[in-house]
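One structure is given below, encoded as structure tokens.
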Amino acid sequence: MSNPSLLILAGDGIGPEVMAEVRRIIDWYGEKRDMPFDVSEGLVGGCSYDAHGTPLTDETMARAQEVDAVLLGAVGGPQYDDLDFSVKPERGLLRLRKEMDLYANLRPAQCFDALADFSSLKRDVVAGLDIMIVRELTSGIYFGEPRGIIQEGNERVGINTQRYTESEIERVARSAFELARRRGNKVCSMEKANVMESGVLWREVVQRIGDTEYPDVELSHMYADAGAMQLCRWPKQFDVIVTDNLFGDLLSDAAAMLTGSLGMLPSASLGAPMDNGRPKALYEPVHGSAPDIAGQGKANPIACVLSFAMALRYSFDKGAEADRLEQAVEKVLADGLRTADLLGEEGATPVSTSGMGDAILAALEASL
Ligand code: NAD
């Protein structure tokens with residue numbers, strides 16, 4: 001059998017810096033855990049525009065469709081701000097998401113004990129938090145028709161349409177149930193069935209998929225506004241939350257901030273299962289290319305490292321190895337090592353991007 005394949009698109013700004021640390025971790029898994037990956041690299045974003053006049057070439061797009069998972073750094077930078085919209089760095093990322101049809105966006109909110117004081121909530125509310133928000137990414141009010149600003153009599157009207165088909169709800173619900181089976185086995189679905197017909201259908205369809213295909217997973221429903229309150233009041237009550245594009249946009253940002261710094265947040269976007277049963281998948285840190293600190297060895301590589309941990313768990317069925325990597329990150333943070341974005345406490349040891357990579361590798365080595 002061939003090795004699992006991974007396409008690395010490091011991108012712009014701090015993307016290549018944080019990805020360099022992940023490359024060392026991938027090599028470590030190949031050597032020390034007998035898990036060799038077939039790694040290829042490509043360009044995306046501004047660096048692709050500089051080399052080829054487009055933020056993503058057809059060749060790179062085709063390779064992304066073939067591999068088991070894509071790992072992306074970040075795209076963008078001020079030098080590309082004046083480019084035509086059609087060739088802006090972000091268009092490369094949008095093309096990947098669209099052509100791979102990545103309809104389920106996974107945003108974990110995980111709070112490492114050592115960083116609980118960075119949250120704006122009380123320590124006991126967030127310490128040890130580990131929840132996953134699954135946001136529907138390719139439909140809903142951001143895409144529904146009709147849309148626009150029209151003239152009606154003597155005033156203008158702004159219109160957007162919330163629209164979901166049953167099959168769109170079914171597939172994202174399945175993604176959430178599958179994830180729950182690999183985690184705490186609980187799904188909470190959030191909508192506004194009290195005031196929106198699309199919410200009524202959402203609730204019905206999620207319940208049907210739960211009853212017929214995932215009776216072993218505990219399913220509950222909550223109105224999204226109540227869900228927002230509960231996320232701030234006692235987030236640890238949740239395991240997997242599944243919700244639509246608009247509510248997911250808001251709830252995942254709110255949940256992310258429960259945990260502290262942008263440099264810590266991984267994400268995944270998953271599509272339909274391929275022939276080998278694995279979902280199409282793109283893993284990336286939530287942060288951007290951070291041009292203000294690029295090239296200075298200040299970037300926190302942990303968001304990108306944790307994105308690779310998600311790939312191990314969700315694309316390669318290596319949950320125990322993902323745990324090993326997350327525990328290595330936890331150990332390094334508990335030891336007080338901090339990149340610049342996490343400094344502030346007394347007694348912390350400042351480290352560079354590669355210093356953080358060294359420490360995570362040492363913790364991995366110690367885990368053997
Ligand atoms: P940003 O996420 O790049 O940076 C916001 C702030 O957080 C900056 O002060 C930055 O230094 C800090 N930061 C971000 N990641 C960090 C890390 N790993 N370690 C330490 N500090 C970190 O957002 P921005 O400044 O709004 O955008 C910069 C560029 O990135 C823009 O061109 C934007 O379009 C692009 N962007 C790309 C993505 C993506 O590739 N998915 C996402 C957001 C923004």
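The values are calculated or read from the model by the stated rules, or taken from the named source; none is laboratory data. All values reported here derive from a predicted model rather than from experimental measurement. Please note: Cβ atoms are built from the backbone with ideal geometry, for glycine as well, and neighbour counts cover all protein chains shown. Side chains included, ligands, DNA and RNA excluded: accessible areas come from the protein's heavy atoms. Shrake-Rupley method; radii C 1.70, N 1.55, O 1.52, S 1.80 Å.
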Cα-centred dipole magnitude for segment 130-258, charges only on beta-carbon of K, R (+1) and D, E (-1), debye, nearest 20: 340 debye
Amide H proximity to His287 below 5 Å, modelled H, separation 5+ or other chain, gives Leu265
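Kindly rank 58-70, 3-15 from highest to lowest mean number of other beta carbons found within 10 Å of each residue.
Numbers: 58-70: 17.6, 3-15: 24.5.
The peptides rank, most packed first, as 3-15, 58-70.
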Say a paramagnetic label sat at a point 7 Å from the Cα of Glu218, along Cα to Cβ; which residues of segment 126-149 have their backbone N under 13 Å from it? none
Under Stokes-Einstein, with the Kirkwood radius over Cα pairs standing in for Rh, what whole-number D in µm²/s applies to segment 130-258 at 37 °C and 0.692 mPa s? 215 µm²/s
Percent of accessible area on the chain owned by carbon and sulfur, 1.4 Å probe? 50 percent
Full extension from Glu345 to Lys236: what is 0.36 nm times the residue separation minus their Cα-Cα distance, to one decimal in nm? 36.7 nm
Ser198 - accessible surface, heavy atoms, 1.4 Å probe, Å² rounded to 10: 30 Å²
Per residue, how large is the accessible surface of the chain? Use a 1.4 angstrom probe and give square angstrom. 44 Å²
The chain - percent relative contact order, Cα under 8 Å, separation 6 or more: 20 percent
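What is the sum of charges, Lys and Arg at +1 and Asp and Glu at -1, for the other residues whose Cβ falls under 14 Å from the Cβ of Pro285? Mind dumping the intermediate values first?
Details: positive: Arg107; negative: Asp12, Glu17, Glu21, Glu284, Asp341.
Counting the neighbours of Pro285, the net charge comes to -4.
Distance check, please: which entries in Lys298/Lys318; Lys32/Lys331; Lys98/Lys280; Lys32/Lys186; Lys122/Lys236; Lys98/Lys318 exceed 23 angstrom between their Cα atoms? Intermediate results must be reported in sequence, preceding the final value.
On the way: Lys298/Lys318 30 Å; Lys32/Lys331 19 Å; Lys98/Lys280 12 Å; Lys32/Lys186 34 Å; Lys122/Lys236 13 Å; Lys98/Lys318 27 Å.
Too far apart for the 23 Å limit: Lys298/Lys318; Lys32/Lys186; Lys98/Lys318.
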Points 7 angstrom from Cα along the Cβ direction at Gln296 and Asp84: gap in nanometres? 3.5 nm
Given 0.36 nm per residue, what is the gain on full extension from Glu66 to Ser367 after removing their alpha carbon distance, in nm? 105.1 nm
So if I take the alpha carbon set of the chain, get Rg, then get Rh from the Kirkwood formula, what is the Rg over Rh ratio? 0.97
With a Förster distance of 41 angstrom and the Cβ-Cβ distance between Asp317 and Leu262, calculated FRET efficiency to the nearest 0.05 equals 0.90
For segment 97-142, Kirkwood radius (reciprocal of mean inverse C-alpha pair distance, Å): 12.6 Å
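Beyond 21 Å, what share of the Cα-Cα pairs of segment 210-279 remains, rounded to the nearest whole percent? Each step should come with its number before you reach the end.
On the way: 1019 of 2415 pairs.
For segment 210-279, the fraction of Cα-Cα distances above 21 Å is 42 percent.
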Stretch Gln151-Glu170 to full length: gain in nm at 0.36 nm per residue minus the Cα-Cα span? 3.2 nm
Return the distance in nm (one decimal) between the two label points of a simple spin-label model at Arg181 and Arg33, each offset 7 Å from Cα along Cα→Cβ. 2.2 nm
Label points 7 Å out from Cα along the Cβ direction at Asp101 and Glu41: separation in nm? 3.2 nm
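Would you please put 38-50, 122-134 in order of how densely packed they are, using the mean number of other Cβ atoms within 10 angstrom per residue and starting with the highest? Write out the running numbers ahead of the final one.
On the way: 38-50: 20.5, 122-134: 18.6.
My ranking of the peptides, most packed first, is 38-50, 122-134.
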What shape does segment 276-368 take by its C-alpha gyration tensor, where a ≥ b ≥ c are the square roots of the eigenvalues and a/c under 1.5 counts as rounded, a/b above b/c as prolate, and the rest as oblate? oblate
